[in-house]
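Enquirer: Have a look at the structure that comes next, please.
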Amino acid sequence: MKRVLGAGLLCCSLILLLAVSCYSEGGAKLKPPPKAKTIKELAARYDSGKCIECHEEAHDEWSNSLHSRSILGSPRTAPTIVTAVDVGLKKFAFSGVKEDKDLKVEHLMICAKCHLPQLDEATDDVAREIVATIRAWQKAQKDGDEDKTEQLEETIASLNIGCMVCHNKVALIHKYADGYPQPDTVYGAQDGEHESEEFPKMAVAPAMSESILCGQCHGLGPNLEFEHPSQCATLYGSYLFAYVAHGGSETCQECHMKKSELGHDIQAYKDEDMIAMAVDVKVEGRSLFWRKNKAEGVVPIGVIDVELYNKTGHVIPDG
Amino acid sequence: MPFPARLGRGKEMGRGPYEKSGLLRETSLAPLARVHETFEITYPFAEVKKGSVTQRELVNDELKVTVKLLYLPFGEFDSYAVTWFEKEKNLDLKTEWIWH
């Protein structure tokens, strides 16, 4: 009887194990996909338009966020990338970049690590095409050519932090433990089948709702893994060492997605709701006669006292 | 605001992401921090001669103060600046000015 029970339990365990491993978070490291040779090809690979049919609300929300135009930016990012090439890369003695034709993916990764992480799936031609497109866009703006400006802006914006960046490419952080993202799987909060020919599986990304997911880009400070470290964001550093260290416990997603009710329209300093969530301001005022000093004597002054309380999980401002 | 060190060395602040590394100084509002900023505004007054004595008199005993908190994403009061808070405060000093 004990043997039968034991065998039954073993079967159940195996079935459970099989069920889990069918939709395990990640898998073995696979051969990287062929490199995209053009902006168009790279944009198509990560086109969030594929998700609209079933995830229209999330897509619409995302479309309003800066993630949907991460290279174009506010639009201050695209010109900054060109500045990084002209004032940074071309002036550094050992970067290997003297002209745009010398640019390679590795050079742009100091920006693209966060603004376009999928650039590592493209050829050096794409890196050069991106810079050429931004330059052409700037020229069209200068020339007052609105149609061309709009067309080029669309091309630049086609490269972005779309659905499959967060829900696949960077979804699994600890790859030795969780495995590598698989090309047929969408990572999120659920596992099971996914109604999509291209991505027929869903799997749980263990850190999808944790701050570390966002911390991959909204970072710790200098990205010391690069041959030439760069730095834009310090937010995750501030979150860890100044917020959590002082008792803070909320995650990026809790404030920027849930409490704000903005979902995938992840916003920051420009959004009224986020502003209201960020800082409490109190203003007190009074007046008095102040005996300032011997030279100036008694002076009538108004005193305004402003109290600011940072309710967020990071410094304000960052940069 | 964070003052990133240029190439993470020396005392010069870096501006572009390709040269920013670390922090020289940080004046941002820290998370969960409460800070007070105090502003003193002098009421307009005049020196008025009364007989042999010169004394000070208020030109106006009311002040309308506008307190604005602006977020300057690129450090300039330009079109990118976002107003986070704005409040008008009325102050008055209607008591007698004894020590002129």
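The values are calculated or read from the model by the stated rules, or taken from the named source; none is laboratory data. Quick caveat: nothing in here was measured; it's all calculated off a predicted structure. Methodologically, a virtual Cβ is constructed for each residue, glycine included, from the backbone with ideal geometry; neighbour enumeration extends over all protein chains shown.
Enquirer: Among (1) in contact (Cβ under 8 Å) with a residue 60 or more places away in the chain; (2) facing chain A (nearest Cβ under 7 Å); (3) not polar (S, T, N, Q), which single condition is B:LYS87 missing?
Expert: If we test B:LYS87 against (1) in contact (Cβ under 8 Å) with a residue 60 or more places away in the chain; (2) facing chain A (nearest Cβ under 7 Å); (3) not polar (S, T, N, Q), just (1) comes out false.
Enquirer: Starting from the range A:222-247, keep only residues that are more than 7 Å from every other protein chain (Cβ to nearest Cβ), then list their pairs with residues that are among the basic types (Lys, Arg) whose Cβ atoms are within a distance under 7 Å, requiring at least 6 positions of separation or different chains.
Expert: Close Cβ pairs satisfying both conditions: A:ASN223/A:LYS113.
Enquirer: Can you name the number of the only condition in (1) facing another protein chain (nearest Cβ under 7 Å); (2) more than 16 Å from the chain's Cα centre (by Cα); (3) over 29 Å from A:GLY73 (Cβ atoms); (4) among the basic types (Lys, Arg) that B:LYS50 fails?
Expert: That leaves (1) as the condition not met.
Enquirer: From the set of residues in the range B:65-100 that are part of a strand (DSSP E or B) and either modelled with pLDDT under 95 or among the hydroxyl-bearing types (Ser, Thr, Tyr) (or both), which is farthest from A:LYS270 (Cα to Cα)? Break it down into steps so the answer makes sense when it comes.
Expert: Our first condition is that a residue be part of a strand (DSSP E or B); within the range B:65-100, this holds for B:65-71, B:82-92.
Adding the requirement that they be either modelled with pLDDT under 95 or among the hydroxyl-bearing types (Ser, Thr, Tyr) (or both) leaves B:66, B:71, B:83.
Values: B:THR66: 21, B:TYR71: 9, B:THR83: 9 Å.
Step by step, filter the range B:65-100, then rank; the result is B:THR66.
Enquirer: Under the condition of being under 20 Å from A:CYS51 (Cβ atoms) and out of contact with any His (no Cβ under 9 Å at 6 or more places or on another chain), which residue from the range A:204-221 is farthest from the other protein chains (Cβ to nearest Cβ)?
Expert: A:VAL204
Enquirer: Kindly provide the set of residues from the range A:244-256 that are outside any helix (DSSP H, G or I), more than 16 Å from the chain's Cα centre (by Cα) and not acidic (Asp, Glu), ordered by number. Even if it seems obvious, please write down each step before you answer.
Expert: Restricting attention to the range A:244-256, the residues satisfying the condition of being outside any helix (DSSP H, G or I) are A:247-251.
Checking the rest, the ones that are also more than 16 Å from the chain's Cα centre (by Cα) come to A:247-250.
A:GLY247, A:GLY248, A:SER249 - these are the residues of the range A:244-256 that are outside any helix (DSSP H, G or I), more than 16 Å from the chain's Cα centre (by Cα) and not acidic (Asp, Glu).
Enquirer: Output the residues belonging to the range A:32-71 that are farther than 18 Å from A:ILE134 by Cα, assigned to a loop (DSSP other than H, G, I, E, B) and small (Gly, Ala, Ser).
Expert: Once the filter is applied, which keeps residues that are farther than 18 Å from A:ILE134 by Cα, assigned to a loop (DSSP other than H, G, I, E, B) and small (Gly, Ala, Ser), the range A:32-71 yields only A:SER65.
Enquirer: Please tell me if B:ARG25 is surrounded by 15 or more Cβ atoms within 10 Å (Cβ to Cβ) and more than 7 Å from chain A (Cβ to nearest Cβ).
Expert: Working: surrounded by 15 or more Cβ atoms within 10 Å (Cβ to Cβ): no; more than 7 Å from chain A (Cβ to nearest Cβ): yes.
Judged against the criteria, B:ARG25 is not a match.
Enquirer: Please go through the range B:1-22 and give me each residue that is within 7 Å of another protein chain (Cβ to nearest Cβ), more than 23 Å from the chain's Cα centre (by Cα) and not in a strand (DSSP E or B), ordered by number.
Expert: B:GLY8, B:GLY16, B:PRO17, B:TYR18, B:GLU19
Enquirer: Just wondering, is there one or more residues in the range B:28-44 that are at the interface with chain A (Cβ under 7 Å from one of its Cβ atoms), in contact with a Leu (Cβ under 9 Å, 6 or more places away or on another chain), in a loop (DSSP other than H, G, I, E, B) and within 15 Å of A:LEU308 (Cβ to Cβ)? Outline the logic, then answer.
Expert: Taking the range B:28-44 and keeping what is at the interface with chain A (Cβ under 7 Å from one of its Cβ atoms), we get B:28-43.
Subsequent filtering for residues that are in contact with a Leu (Cβ under 9 Å, 6 or more places away or on another chain) retains B:29, B:33-37, B:41, B:43.
Those still in the list that are in a loop (DSSP other than H, G, I, E, B) too: B:33, B:43.
Restricting the remaining residues to those that are within 15 Å of A:LEU308 (Cβ to Cβ) gives B:33.
Scanning the range B:28-44, I find at least one residue that is at the interface with chain A (Cβ under 7 Å from one of its Cβ atoms), in contact with a Leu (Cβ under 9 Å, 6 or more places away or on another chain), in a loop (DSSP other than H, G, I, E, B) and within 15 Å of A:LEU308 (Cβ to Cβ), so the answer is yes.
Enquirer: Having 3 or more residues that are farther than 24 Å from B:ARG6 by Cα is the bar; report the helices (runs of 4 or more DSSP H) wholly within the range A:173-243 that clear it. Quick ask: steps written out before the conclusion?
Expert: Values: elements: A:175-178, A:211-215, A:235-238.
Passing ranges, in order: A:175-178, A:211-215.
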